[in-house]
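The next block holds one structure in the form of structure tokens; read it before the comments.
FYI, it's all coordinate maths here, none of it is from the lab. Small disclaimer: the values here were computed from a predicted structure and weren't measured. No Cβ is skipped: glycine too gets one built from the backbone with ideal geometry, and neighbour counts run over all protein chains shown.
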Amino acid sequence: GAGVSQSPRYKVAKRGQDVALRCDPISGHVSLFWYQQALGQGPEFLTYFQNEAQLDKSGLPSDRFFAERPEGSVSTLKIQRTQQEDSAVYLCASSLEASGGRGEQYFGPGTRLTVT
Amino acid sequence: AQKVTQAQTEISVVEKEDVTLDCVYETRDTTYYLFWYKQPPSGELVFLIRRNSFDEQNEISGRYSWNFQKSTSSFNFTITASQVVDSAVYFCALSEVETSGSRLTFGEGTQLTVNP
């Protein structure tokens, strides 16, 4: 079956540009997560959706970061006025479980964002 | 304070050797889940195992085994008779149901290189 897909796989943006990263979760998965992974480090949590509701956005590093999941399926992570420190791999994960942290999260291949 | 510590940044072994990856976690929750993920060079995180805080039974899956000890807050991962295909970055992760909801908190990862 299809896993989590993300697009684009690679994105180069000039400093100050806006970018939009897309995530298609596994069909029927209730929970969707965004993580940021800097080079050589573990992923760090950004935000979490349960269906269309954004239940936790405490990991978003600044108000330049915005995520949405309007129909409870596809999600978009938008970064406005990109800065060099935004360069990282952005990972999306989905989980069948509604909440509680007990379900395994299935990860997409990530979008590698490079800000020049 | 680091909630998940993987003290071994890099490990290099020769094929067929056994190798243990260490993971120490910190939490005040009584209900939590521990995970191991594998990240091969392709970049996609692959789920390996989930353990809940109430189940300290060790688990074996083929060449993989996990040792969970609440007394030492450790969740170590052993690969028996390592193979070149095991080369990857391995991440230990924690989900704290009571304090952090569904998010995963990852360690810094251990780069395992298995040489032929």
Cα-based convex hull, region B:56-109, per residue volume (Å³, whole number): 113 Å³
I need to check one value: relative contact order of chain B, counting alpha carbon pairs closer than 8 Å and at least 6 residues apart, in percent. 38 percent
Just report the Cα centroid separation between region A:1-54 and region B:76-116, whole Å. 20 Å
Taking each residue in B:101-112, count the Cβ atoms of any other chain within 10 Å of its Cβ, then average. What number comes out? 6
Restricting to Cα atoms and excluding each atom paired with itself, what does the Kirkwood estimate give for region A:21-87 in Å? 12.5 Å
What's the percent breakdown of Cα-Cα distances in the protein assembly as shown across 5 Å bins, shortest bin first? 1, 7, 14, 18, 18, 17, 13, 8, 4, 1, 0
What is the spin-label model distance, in nm, from residue A:18 to residue B:11 if the labels are put 7 Å beyond Cα along the C-beta direction? 4.7 nm
How high is the relative contact order of region A:1-114, in percent, counting Cα pairs under 8 Å that sit 6 or more residues apart? 36 percent
Just how large is the dipole of region A:1-88 about the Cα centre, in debye to the nearest 20, putting +1 at every Lys and Arg Cβ and -1 at every Asp and Glu Cβ? 360 debye
Burial ranking of peptide ranges A:53-60, A:20-27, A:89-96 (average Cβ count within 10 Å, highest at the top): A:89-96, A:20-27, A:53-60
Could you pull out every one of the lysines with an alpha carbon less than 19 Å from that of residue A:14, ignoring same-chain neighbours closer than 8 positions? A:78
Top positive-direction residue, dipole computed over chain B with Cβ charges, set B:114, B:21, B:54: B:54
Tell me, Kirkwood radius of region A:57-116 from alpha-carbon pair distances, in Å? 13.3 Å
Cα coordinate range in region B:31-88, projected on the principal axes (Å, largest first): 33, 24, 17
Give the average, rounded to an integer, of partner chain Cβ atoms located within 10 angstrom of each Cβ in A:82-95. 1
Could you list B:79, B:11, B:60 so that the one with the fewest beta carbons within 10 Å of its beta carbon is first and the one with the most is last? B:60, B:11, B:79
How about region B:18-116: which trypsin sites (Lys or Arg not before Pro) there are in a DSSP loop, with at most 14 other Cβ atoms within 10 Å of their Cβ? B:28, B:63
Over its Cα atoms, what ratio of radius of gyration to 2.2 N^0.38 Å does chain B give? 1.03
Largest-first principal axis extents, alpha carbons of chain A, Å: 38, 28, 26
Shielding of B:93-100 by other chains, given as the mean Cβ count within 10 Å, works out to 3
